[in-house]
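Asker: My questions will all concern the structure given below.
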Amino acid sequence: MTKQADHQCPALARIRKKRLATKVANEVGLTRSAVSMWRRVPADHVVKVSKFLRIARHRIRPDLYSTR
């Protein structure tokens, strides 16, 4: 994962910066290593990650959620 990609997704940046991969993994039912490999949050996990990290869904995956 590049720093630029992290910059584009605040959820991934926060997961890496705060070392939250294990907690996020437990929240979505995956392993820590699976979460660590994300290049972007998978569509089926956006809602849970959004609630857990308190980041709006459209900021995590603007391709799936609009700001309206």
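The values are calculated or read from the model by the stated rules, or taken from the named source; none is laboratory data. What you see is a predicted model; the values in this text were computed from it and never measured. Because the Cβ atoms are built from the backbone with ideal geometry, glycine has one as well, and the counts that use them run over all protein chains shown.
Asker: For residues that are surrounded by fewer than 15 Cβ atoms within 10 Å (Cβ to Cβ), closer than 14 Å to CYS9 by Cα and either touching an Asp or Glu at 6+ places or on another chain (Cβ under 8 Å) or not small (Gly, Ala, Ser) (or both), tally how many sit in the stretch 38-58.
Answerer: Total satisfying the criteria: 3.
Asker: Still on this model: State which residue pairs qualify: first residue more than 20 Å from HIS58 (Cα to Cα) and inside the stretch 1-24, second residue modelled with pLDDT under 95 and of a type in the set (Val, Ile, Thr) in any location, beta carbons under 6 Å apart, and separation of 6 or more residues or different chains.
Answerer: Pairs found: ALA21/ILE15.
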